[in-house]
1. Applying the selection to the range 247-261, what residues are among the hydrophobic types (A, V, I, L, M, F, W, C) and open to solvent by 10 Å² or more (accessible area, probe 1.4 Å)?
2. May I ask you to list the residues in the range 48-83 that are among the small types (Gly, Ala, Ser) and either open to solvent by 20 Å² or more (accessible area, probe 1.4 Å) or away from the ligand (no atom under 16 Å from the Cβ) (or both)?
3. Would the range 252-273 turn up any residue that is small (Gly, Ala, Ser), within 16 Å of the ligand (Cβ to nearest atom), not in a loop (DSSP other than H, G, I, E, B) and not assigned by TED's automatic domain parsing to the domain that holds GLU62?
4. Given the conditions (1) out of contact with any helix residue (DSSP H, G or I) (no Cβ under 9 Å at 6 or more places or on another chain); (2) at positive phi, report the number of the one that GLU72 does not fulfil.
5. I need the full set of residues from the range 101-124 which are more than 16 Å from the ligand (Cβ to nearest atom), open to solvent by less than 60 Å² (accessible area, probe 1.4 Å) and under 17 Å from ILE175 (Cα atoms), in order please.
6. SER331: in contact with a Lys or Arg (Cβ under 8 Å, 6 or more places away or on another chain), assigned by TED's automatic domain parsing to the domain that holds THR362 and at pLDDT below 95, yes or no?
7. What helices (runs of 4 or more DSSP H) completely inside the range 49-146 contain at least 1 residues that are of a type in the set (Phe, Trp, Tyr)?
8. Working carefully through the options ALA340, ALA323, find the one that is more than 16 Å from the ligand (Cβ to nearest atom) and either at positive phi or of a type outside the set (Asp, Glu) (or both).
Amino acid sequence: MKKDQSKIIREQAPRSATREHSVPLYLTSSFIFDSAEQGRAIFADEEEGMVYSRYANPNTTEFINKVCILEEAEAGLAFASGMAAIFASFAGFVRSGDHIVSAKAIFGSTHQLFTQLLPRWGVTTTYVDAVDNQAWEKAIQPNTKILFLESPSNPGLELADLSFLGELKKKYPQIIFIIDNCFATPYLQKPLRYGFDLSIHSATKYMDGQGRVLGGVAVGKQQLINELMFFIRHTGPAMSAFNAWTISKSLDTLGLRMDKHCSNALALAEALEQHTEITKVNYPFLPSHPQYELARKQMKAGGGIVTFEVKGGKERAYSFLDALEMILYTSNLGDARSIATHPGSTTHSKLSEEERLSLGITPGTIRLSVGIEDQEDIIGDILQALEASK
Ligand SMILES: *Cc1c(COP(=O)(O)O)cnc(C)c1O
């Protein structure tokens with residue numbers, strides 16, 4: 001049996017009659033039937049075969065197969081963006097009157113889904129503190145349909161205890177347990193092993209890894225993916241063949257890149273922890289992280305995101321960001337290039353001051369998506385910007 005890295009590198013859409021080595025880009029909206037009888041049989045699900053790229057395409061199928069290998073999943077679906085994957089994974093299952101239990105520290109647009117959009121269709125959400133194991137069960141109601149979380153969270157890098165939640169799933173088998181596994185990637189963390197039903201990703205982040213295209217993916221149990229397939233067939237949030245072709249190639253180097261993201265991030269976190277201009281550093285693989293033991297248990301390494309607080313609040317944070325020379329300021333993450341953001345004034349600016357504080361976001365908080373440049377250059381740029389912004 002080949003191991004993951006060999007398997008994903010060898011996973012490829014069936015070779016065409018042209019005998020190409022590298023997979024071609026299948027820019028075609030539909031697929032022809034060899035006969036009227038074949039058309040009938042494929043539509044009747046008696047014969048397997050591609051029909052239309054809103055349903056499936058050789059490039060998206062290849063991409064999904066690779067993610068299934070990494071996540072140890074039975075099946076999956078690809079989406080135009082991470083948000084399309086997340087929205088479909090709720091909308092595809094809930095009905096009016098249903099309830100969702102979610103971690104409160106979640107991606108900004110997911111928060112808008114729970115608070116602004118899903119209530120329009122009669123779906124309510126209760127937020128819990130993901131770190132507090134007991135809080136989950138207390139929030140479950142008879143009409144709870146979905147339990148949702150991110151781990152590590154954005155930008156506080158708090159963890160939910162996956163094996164605890166796996167036990168909770170056994171007690172509530174009717175609830176669909178969904179994790180946004182984007183920050184960890186399936187290279188570092190495999191939630192389906194613990195009993196989660198679906199693992200979702202914004203493939204825009206580490207999966208592409210180079211900040212080029214948007215994508216999303218949901219993988220998990222075959223029966224749930226079949227239900228979701230019905231939803232996406234008829235609502236149309238499918239991933240484009242081009243984006244699938246691009247991200248699928250990127251997955252071949254996901255492990256290599258994550259090793260480098262993680263070693264750079266750990267070195268940076270260690271360097272910043274000593275620094276007198278920094279009041280707090282958050283990184284799951286720092287022994288000072290309150291959930292260090294849990295991180296070691298459920299993650300292979302600490303991930304590529306480091307958050308820290310500079311002395312001097314918002315003004316200092318702004319002048320620090322403006323003083324960076326190599327590192328760019330943009331709201332993406334998971335790129336080969338290191339990226340800095342100020343969550344308080346961008347990704348989390350829609351929240352109240354109080355909500356931000358409860359997520360650990362202060363005016364001096366900086367989120368760094370540590371890239372795969374040379375370690376000395378990343379740390380060097382941060383140290384010079386701290387000095388220059390004094
Ligand atoms: C970026 C992100 C999303 C949204 O993904 P898009 O591809 O931008 O739609 C969802 N969850 C997390 C954790 C993210 O970082």
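1. LEU256
2. GLY49, SER53, ALA56, ALA73, ALA75, ALA80, SER81
3. yes
4. The single condition GLU72 does not satisfy is (1).
5. VAL101, VAL123
6. The answer is no for SER331.
7. So the answer is 58-71, 82-91, 133-139.
8. Of the residues listed, the single one that is more than 16 Å from the ligand (Cβ to nearest atom) and either at positive phi or of a type outside the set (Asp, Glu) (or both) is ALA323.
The values are calculated or read from the model by the stated rules, or taken from the named source; none is laboratory data. In this text, all values refer to a predicted model and were calculated from it rather than measured experimentally. Note: ideal-geometry Cβ built from the backbone for every residue, glycine included; neighbour counts use all protein chains shown. With ligands, DNA and RNA removed, areas are computed over all heavy atoms of the protein, side chains included. Shrake-Rupley method; radii C 1.70, N 1.55, O 1.52, S 1.80 Å.
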